[in-house]
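Asker: Handing you this structure, nothing more for now.
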Amino acid sequence: MEHWNVLLVSHVVAALYVLTIGPLQIFRRRRDRIHRTMGYLWVAAMYYVCFSSFGIVTAGRFTWLHGLSAFTILTVTLGLVSAVRRNIPAHRGNMIGSYLGIAIAFGFAVGIPGRSIPQLLAADPWTAVFVAVLVVLSVATVYLSLLRGGPSLPYHYSSLKPRVSNHK
């Protein structure tokens, strides 16, 4: 089996995060602090998946998947710009399209014999299941923490001032 280097493993784990967070973002009705926070995590993981793919080459050549990565970098960026500009239809279209692109790429990465993921699944399926479960549990933990109104970062440093109490 091909050796698993840090780049490849981190690429796969980030892709699992993208695949897990995506449906939460797409199908959740409210677009609030939770949506923004999970969106930031999703975008960071998406950029990592795309940029790291250029360090992963098969037989010393780029493939159509690298072209998809370049295109996805563009669509995610356009989706971010659209959100900042409050162009929600464009934001939604770019982000859903980006998600569908990575889902298709994942299908090819898993389904084509000779690639790293099918080799891992054949050689050590329990490790693959363990990693996938850890990713899902960590996403669920972050999501539930946000849902419960867990600690949030202050928007302004002025909010870091100690509160003055009238009690003596």
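Asker: Working carefully through the options THR37, THR20, find the one that is touching a residue at least 24 places away in the same chain (Cβ under 8 Å) and closer than 19 Å to VAL133 by Cα.
Answerer: Answer to the selection: THR20.
Asker: Name the single residue that is surrounded by the most Cβ atoms within 10 Å (Cβ to Cβ) among those in the range 85-111 being of a type in the set (Val, Ile, Thr) and closer than 17 Å to GLN25 by Cα.
Answerer: ILE102
Asker: Residues in the range 76-95: is at least one within 28 Å of ASP124 (Cβ to Cβ) and in a helix (DSSP H, G or I)?
Answerer: Checking the range 76-95: not a single residue is within 28 Å of ASP124 (Cβ to Cβ) and in a helix (DSSP H, G or I).
Asker: Condition first: touching a residue at least 40 places away in the same chain (Cβ under 8 Å) and under 15 Å from the mean Cα position of the chain (by Cα). Can you find one or more residues in the range 104-126 that meet it?
Answerer: Yes, because at least one residue in the range 104-126 is touching a residue at least 40 places away in the same chain (Cβ under 8 Å) and under 15 Å from the mean Cα position of the chain (by Cα).
Asker: Based on what the data block shows, is THR58 closer than 19 Å to ALA14 by Cα and either touching a helix residue (DSSP H, G or I) at 6+ places or on another chain (Cβ under 6 Å) or among the β-branched types (Val, Ile, Thr) (or both)?
Answerer: Judged against the criteria, THR58 is not a match.
Asker: Picking from THR77, THR127, THR63, THR72, which residue would you name as being surrounded by 11 or more Cβ atoms within 10 Å (Cβ to Cβ), of a type in the set (Val, Ile, Thr) and either closer than 14 Å to ALA15 by Cβ or touching a Lys or Arg at 6+ places or on another chain (Cβ under 6 Å) (or both)?
Answerer: THR72
Asker: Right, here's the next one. Would you confirm whether any residue within the range 47-57 is surrounded by fewer than 17 Cβ atoms within 10 Å (Cβ to Cβ), among the small types (Gly, Ala, Ser), free of Cβ contacts under 8 Å to residues at least 60 places away in the same chain and assigned to a helix (DSSP H, G or I)?
Answerer: no
None of the figures in this text is laboratory data; all of them are computed from the coordinates on show. As the structure is a computational prediction, the values presented were derived from the model and not from experiment. Glycine also receives a Cβ, built like all others from the backbone with ideal geometry; neighbour counts cover every protein chain displayed.
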